[in-house]
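A quick write-up on the structure given underneath.
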Amino acid sequence: MSETAQAPLRTEDITVNVGPQHPSTHGVLRFVVTLEGETIRECVPHIGYLHSSLEKIAETLRFGQYITNTDRFDYLNGLGNELCYVQAVERLLGVEPPPRTQFIRTLMAELKRISSHLVYLGTYGNDTGAVTVFLHAFRERELLMNMFEAVTGGRLLYNYLRIGGLRNDLPTGFDEQVCSFLEHFPPRLEEMNDLLTKNRIFIARTRGVGLLTAEQALSYGVTGPTLRGCGVSYDMRKLRPYAAYDQVEFDVPTFPEGDCLARHLVRMEEMRQSLRIVRQLLDKMPDGEVQADVPRRLKPEPGEVYERVESPRGELGCYLVSDGSDKPYRMHWRGPSFYNLQALPEMVRGGLVADFIATLGSLDPVAPDIDR
Amino acid sequence: MWGYVRDIWQGAKSIVVGHIVTFRNFWRPKITDRYPHGNADENWQPGPGYRGGFALLKSDKEGRELRCTACMSCARACPVGCIHIEGEGKGKERHPVSFYIDMGLCVYCHQCVEACPSEALTMTDEYEISGTSRASLVRDLAQLIAAGEGQTEVSRVL
Amino acid sequence: MASSLVHTILSTIRIWAENLAGRWGIPPLFVSILAWIAAFVFVIVLVLLMVLLAVYLERKVSGYIQSRLGPMRVGPIGLFQTPMDALKILSKEDIVPRGADKIMHTIGPVFFFVAVVIGYVVIPWDHGAIAARVVDLNIGILLIVAVSSLGLLGIMVGGWGSNNKWSLLGAMRAVAQMISYEVALLLAIVCVVVQAGSMSLSVITADQSGTLLEWNILRWWLWPALLLYAIASIAESKRVPFDIPEAESELVAGYHTEYSGMKFGFFFLGEYAHLFIIALIGAVLFLGGWQSPLPASVADPIPGFVWLMGKALAIIVVTMWIRWTLPRLRVDQLMEFAWKGLVPLGFVAIMVTGLAVALGLGGGGM
Amino acid sequence: MTDHETTPASTSAGGDNNAHIAQALHQRFSDHLLRAEVDAVGTLQVAVDAGVLVEVCRFLSEEAQPPYPYLSDAFGADYEDHLQVLYHLFRAETGEGALVRTDLPREDAVLPTLTGLYNTAKWAEREIAEMFGVTFEGHPDPRKLLLPDDWAGYPLRKDYQRPDHPYLRPEPLHENPPAFLAGQAEPEVTEE
């Protein structure tokens, strides 16, 4: 095997365009990936295809009007985004919503988290080639959608939370609907785990793939299940409890491996914890009003607030500045997917094309959440 | 060696378990709505408070056709500005002469309905709203009144 | 061997045609050529029909597994959906991408389809010698293996000629995969050949005649070969969990990314024809071919042709079940599995079979 | 199960820590520090001169006790007479945050990059740069991030004018209804 015996073979790196139209980019994302054979040398994300300038729109709408826009960027977490925004405005105004409102908000946010993780589960199955789990997950998600529709009148865009309260109380029969879901869902979740999570091929596809150390993750501002999959127990619900999270018991699942499988397992466990939270919330749900007294025309004192909540993808931040008028002077969203995606080139370098897809899917990015 | 065999055994078992799951699902009842060809009862029905199309409600007071007083509350509440109203008359006589809602701009947020002081505007459970041109998506006064035929209350989550 | 209904009908037609030719004074050579053409038409039509059926089945099975109904609109329970789709594919624009090699782009799918279809000529459809198949080669199984591996030339040509990086990657993966799994597949087939003592598919079928217990699937010393064949044949037909050449979440559509219209149709047809022939060979090698599972004492009203089709369809449904259950392997895992898992297993299978046959368990010709 | 070690420090303790840090900041950067205090919810609010931004951030992420080692978010704001860039630092164990801000002139807004300290800043600074027209000196990859490469203007500045583009949607209904509704065809979108 001397060097002279083998004439140097001319090789060439391939540059491929993953997206903006590619089956597994979860929306409109684009990556310019340099391949050597099947091995990834470099990956450069190009984002902004779904940039909708929500931050600028906020400056033209009144505080109450903007709620309808908050559903739209991270569309899998509509109610959670509303919660973040509404809490920010309430802090600006100094309004404390009634306890029942807090419970209902928490309940809806947790149901939304389950629904978002179900979408993740389905699409991740799709990314790894198991198509069936996609439809099974969406079948279960449909039940949640029916619940959201019963409460809010909308299936994807809710516009349910109000400054200082809610649009309406829970409908009659909602408790039974949730209870039957709580009975029905855990076995189905186990079934989906049997189908995907425990499958040997799936484990082989995800274990040790897309590695991220805790230090790297934190330095990139990665949060949510991606960070908890690196062994860091960082969860806003626990660390800075908001709404009714201080009233319920739950665990923050962490897995130390930092690979795709760990992130997947964190999400599966989070669904179980969310079910636990929902159960407790239903038991402890207080009676009473759902709307605090707020003036019809909201004019907060000049000031600013940075509100953080835990979205299914990580820490969702909302920075709001008021100049004393009825419209926000400046608002900024910290989209968790934006920072999670930033770590992607680090995670996929040296992997194979299939690993790239698996890693991207395991971040559970939502394209409008990246671009806002 | 033992670990290797156990690995193969567990892998094979997990794959068999997966097949059992899909086999079970094969025989489960299907959830597909055969919309629009299926039985109407089987199709998905919007719940109360569903936010679909719009309707203007009739007034039960004498001398008034509509509850709407063209007060512009809804137009002001709309985040996208898709409502256009022209009113006529003063005081109690005030009523709309033109009322347009552009469903192509509407974001279905329900804020106009909530803003209405006289509970005159409502969202209906109509969900087949698509049209073939932008102009066909604009509802005018006559269409809105026709859509509210028979309805007496603002749609609400119950 | 009792002649079946299909055999009777085909023989009658043949005799009638020869009589007619004699009366009209058509030379015998010409008659033979006509008979060959008729046989090829039969095979092609059969393949097309089976592909339509298999595609329909695939959509139904996947739908049912996924809590859906599958096609329901066109015709009763959606039966005409796939013929309609075939018509649609025929009517679509044929696009050759700019910068593609037009000739290569065109011959790729044709090559693939032809290579797959040639294999059908040696399948023994039913009782009797000539009437129920095109040719009865004494190396039938070898022909199928040899010709079907030509198909990947078509994939490579098509993937390369598309001037698309995804196509190229897909084609490369396809070649690597099919060459690797061909080895495992051959090892599995060798076991059956050792058992039957012949490479002729008729002999292999005849070897399994008699009771159900004589079928290769119930001969325990062939079970390693069966497992091997099951895995390798799914990989050969490029289906999940071995569908990496066209992994739609990674490579968009792999080697046929740039194809549309009838050229895509040829790839599509070829894939399902490949699946079907794999199922047919599986039925012949392990499930007793056209033979009825009923004991010989019971009169069997069903022709052997139908039995063979039924067995093949059952195998196809199982591959669909597998397809809609499992995730996809990664390309390196796939190769590892072939060379580190299946090939050693193949040698074990050959040893087991050889020993069993040598000890007189197998009733083969050795 | 896994999180009991990291139950949050009570607000007062966090506030104490932050008060110490604020004090230390005052001692260290007395002249350049405009503000360092703890707000109502326990967040450390720091306002600094652009010149010492990097030093303050390094101090907070390395020397402060306990430190704020990571950047979670960076964003800008336009106050018409000046621009402001804010950095949200956080501590993973307790989830506490510190908001560091610095004011910049609207014309010729230049800041040193923080990409040397935090990877997070790579994209965040690119977004601020294209949205507010702030130049980050020493940024390794100063291309536009969300906007097209040829985009003119800085959209999140208050004086930004929407470009006139045929694809942008027509005026809202309440501004010109009848022309649009006259019953004929929809407005023509001219393609290039």
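The values are calculated or read from the model by the stated rules, or taken from the named source; none is laboratory data. Keep in mind that this is a model prediction, so the values were computed, not measured. Neighbour counts run over all protein chains shown; Cβ positions are idealised from the backbone, glycine included. Each accessible area value is taken on the protein alone, full model and side chains, heavy atoms only, with ligands, DNA and RNA left out. Shrake-Rupley method; radii C 1.70, N 1.55, O 1.52, S 1.80 Å.
Computing FRET efficiency as 1/(1 + (r/R0)^6) for A:N146 and D:E93, where r is the C-beta to C-beta distance and R0 is 35 Å, gives about 0.30. The listed residues D:T102, C:T257, once ranked by accessible area (1.4 Å probe) with the largest placed first, stand as C:T257, D:T102. Chains B and A together bury roughly 2400 Å² of accessible surface, counting both sides and using a 1.4 Å probe on protein heavy atoms.
Using a probe of 1.4 angstrom, how much of the accessible area of chain B is carbon and sulfur, in percent? Heavy-atom surface of chain B belonging to carbon and sulfur, 1.4 Å probe: 56 percent.
With contacts taken as Cα pairs under 8 Å at a separation of at least 6 residues, the stretch A:105-151 carries a relative contact order of 35 percent. Comparing each chain alone with all protein chains together (probe 1.4 Å, DNA, RNA and ligands left out), the residues of the stretch D:93-114 losing at least 50 Å² of accessible area are D:G95. In percent, rounded to a whole number, the relative contact order of chain C is 23, using alpha-carbon pairs under 8 Å and six or more apart. Both chains summed, the buried accessible area for B and C stands near 1300 Å², from protein heavy atoms and a 1.4 Å probe. For B:M72 and C:D332, what is the calculated FRET efficiency with R₀ set at 56 Å and r taken between the beta-carbons, to the nearest 0.05? Given R0 = 56 Å and the Cβ-Cβ separation, E is 0.25.
Where the centre of each part is set by its Cα atoms, how far does the stretch D:68-110 sit from the stretch A:25-97, in angstrom? Value for the Cα centre distance between the two parts: 19 Å. Per residue, the average separation of C-alpha pairs within less than 8 Å and at least 6 apart gives the stretch C:180-224 a relative contact order of 23 percent.
Of the residues in the stretch A:190-230, those shielded by at least 30 Å² of accessible area once partner protein chains are present, compared with the chain alone at a 1.4 Å probe, are A:E191, A:D194, A:L195, A:N199, A:R200, A:I201, A:A204, A:R205, A:L218, A:S219, A:Y220. Interface burial in the stretch C:29-75 reaches 50 Å² or more for C:Y64, C:I65, C:Q66, C:S67, C:L69, C:R73, comparing the full protein assembly with the chain by itself; accessible area from heavy atoms with a 1.4 Å probe.
Computed on protein heavy atoms with a 1.4 Å probe, what is the summed buried accessible area for the chain pair A and D, in Å² to the nearest 100? By this definition, chains A and D bury close to 3900 Å².
Each label was represented as a point 7 Å from its Cα along the Cα-to-Cβ direction; for B:E86 and B:A146 these points are 2.1 nm apart. The share of accessible area on the stretch C:93-358 that comes from carbon and sulfur is 76 percent, using a 1.4 angstrom probe.
Proximity of backbone amide H atoms, modeled 1.01 Å from N, is registered between D:V38 and D:Q45 at under 5 Å, excluding neighbours fewer than 5 places apart on the same chain. Under the combined filter of DSSP loop state and at most 14 neighbouring Cβ atoms within 10 Å, the stretch D:90-159 retains these chymotrypsin sites (Phe, Trp or Tyr not before Pro): D:W151.
Of B:K58/B:K90; C:K238/C:K311; A:K112/B:K30; C:K60/C:K92, which sit over 30 Å apart, Cα to Cα? Exceeds cut-off: none, every pair is within range. What the Cβ-Cβ distance of B:W44 and B:I8 gives, at R0 = 41 Å and to the nearest 0.05, is a FRET efficiency of 0.35. Rounded to the nearest 500, the 222 nm mean residue ellipticity of chain C from helices alone is -21000 deg cm²/dmol, with -39,500 (n - 2.57) taken per DSSP H run of at least 4 residues. Per residue, chain A exposes an accessible area of 31 Å² to a 1.4 Å probe, with every protein chain left in place.
Mind checking the per residue accessible area of the stretch B:54-147 for me, 1.4 Å probe, whole number of Å²?
Details: 4460 Å² over 94 residues.
Heavy-atom accessible area per residue stands at 47 Å².
Taking the 1.4 Å solvent-accessible surface of chain A as the whole, the part contributed by carbon and sulfur is 52%.
Within the straight-line cut-off of under 14 Å between alpha carbons, the aspartates and glutamates reachable from A:K284 are A:D175, A:D246, A:E249, sequence neighbours fewer than 8 places apart in one chain being disregarded. Based on protein heavy atoms only, the stretch C:93-358 ends up with 35 Å² per residue of surface accessible to a 1.4 Å probe.
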